[in-house]
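First comes the structure, then the notes that go with it.
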Amino acid sequence: MKFAFFDAKPYDKPGFDHYCQGTDLEIKYFETRLNEDTVSLAAGCDGVCVFVNDIVNAAVVNRLYEMGVRMIALRCAGFNNVDTRACYGKIHVFRVPAYSPYAVAEHAMALILTIIRRTHKAYNRTREFNFSLSGLSGFDLHGKTVGVIGTGKIGRIFADICKGFGMEVLAYDRYQSPGYHYVELPELLQRSDIISLHCPLTEDTHHIIDEKAISMMRKGVIIVNTSRGALVDTEALIEGIKEKKVGAACLDVYEEEADLFYEDFSGHIVQDDKLVRLISMPNVIVTSHQAFLTEEALNNIAETTVNNILNFFHGVPSPETEVCYHCGRQNDCRKERHQKCF
Ligand code: NAI
């Protein structure tokens, strides 16, 4: 079995090489991302392995199918960048549903602690022997209210971390898990001091945080997005910050991140004015989609992805990791009957 591995980074290879050892899987690593221009690199391959910013639209899917590709192995949880409808009946799509929900939940809390205690400012000051405390006042998390949108694997762990800090947790999700206090979205928006997004990007959740949602929030609210950039309308966020309605933003993801994140643009003039504006704001922290990046997560990603590939080509069904456009649609899912998606 040959796989074309797109958007390969130095930290990907050791884990994948380790789990491929002694198997019949051969991986060709490509630094470039998968898109309509690069799809021909997958010629002669049985499958492609992709990450969050590879573009797997209908044109790419159809070209892959023509070239004989029968499997797309996502080495991430979200699959919004794959046209699963175009894949249906042609190419099976697998993902890594959970590699370390702790990594993402802990990163969300790390961003919150940094922004409210001004650690990013203090670090730079003391490096220059500036030991002044002016402008570094923060606030206690204890007693504050956090709104968690999406209480899946990551959202629940994040909510539990917040409970450990003595915070009141309000939750919003289409499906409820025991042990959390669920409210309707408007109530969550109105009552939360901090709002953290942990739902997937879908048609329903696109711009779930927009101008209207921000207008309902408390003055000084902190918005945290470690999920997918397009959950937040960036222009509305920037306006909210400028009007001081939004007190701070912690962003590990950004709507237009695909052209920038994971690459070194220091020494370049970044053309994305909205991102430049956000990064210039003292009450905004941007990290480059790194919430997943822990040793544990990288190991789990490699192990699950290699297993997905070996299982698929050896005829072992993996309904827990296969995805299609029926996902999330009740009473419409073959996987619930322990079958392949098609
Ligand atoms: P999950 O599938 O376990 O949980 C997602 C939750 O969102 C589910 O409970 C679902 O019911 C809920 N949801 C779906 N539509 C909703 C809606 N319209 N309103 C409210 N809730 C809704 O997924 P998991 O593992 O917790 O991951 C969440 C997201 O985190 C992923 O979709 C991905 O986009 C993002 N992620 C980000 C990473 C990073 O490095 N920044 C790494 C891994 C995941």
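Taking strands (runs of 3 or more DSSP E) as the structural unit, no element lying wholly within the stretch 195-295 holds at least 2 residues that are buried (at least 20 other Cβ atoms within 10 Å of the Cβ) and modelled with pLDDT under 95. Look at the stretch 195-210: where a residue is over 12 Å from Asn225 (Cα atoms) and a partner is of a type outside the set (Gly, Ala, Ser) and more than 10 Å from the ligand (Cβ to nearest atom), sitting 6+ places away or on another chain with Cβ atoms under 7 Å, you get Asp210/Asp233. Scanning the stretch 258-307 for residues that are closer than 30 Å to Leu25 by Cα, in contact with a strand residue (DSSP E or B) (Cβ under 7 Å, 6 or more places away or on another chain) and not assigned by TED's automatic domain parsing to the domain that holds Asp7 turns up nothing. Going by the conditions given, is Leu111 of a type outside the set (Lys, Arg) and out of contact with any strand residue (DSSP E or B) (no Cβ under 7 Å at 6 or more places or on another chain)? Here the answer is no, as Leu111 does not meet what is asked. All conditions but one from (1) away from the ligand (no atom under 16 Å from the Cβ); (2) part of a loop (DSSP other than H, G, I, E, B); (3) not small (Gly, Ala, Ser) apply to Leu41; the one that does not is (2). Scanning the stretch 235-289 for residues that are under 24 Å from Met216 (Cβ atoms) and among the small types (Gly, Ala, Ser) gives Ala236, Gly240, Gly247, Ala248, Ala249.
Once the stretch 27-84 is narrowed to residues that are of a type in the set (Lys, Arg) and under 19 Å from Phe312 (Cα atoms), the residue that is surrounded by the fewest Cβ atoms within 10 Å (Cβ to Cβ) is Arg70.
The values are calculated or read from the model by the stated rules, or taken from the named source; none is laboratory data. Computed from a predicted structure; not experimentally measured. Virtual Cβ from ideal backbone geometry, glycine too; neighbours counted across all protein chains shown.
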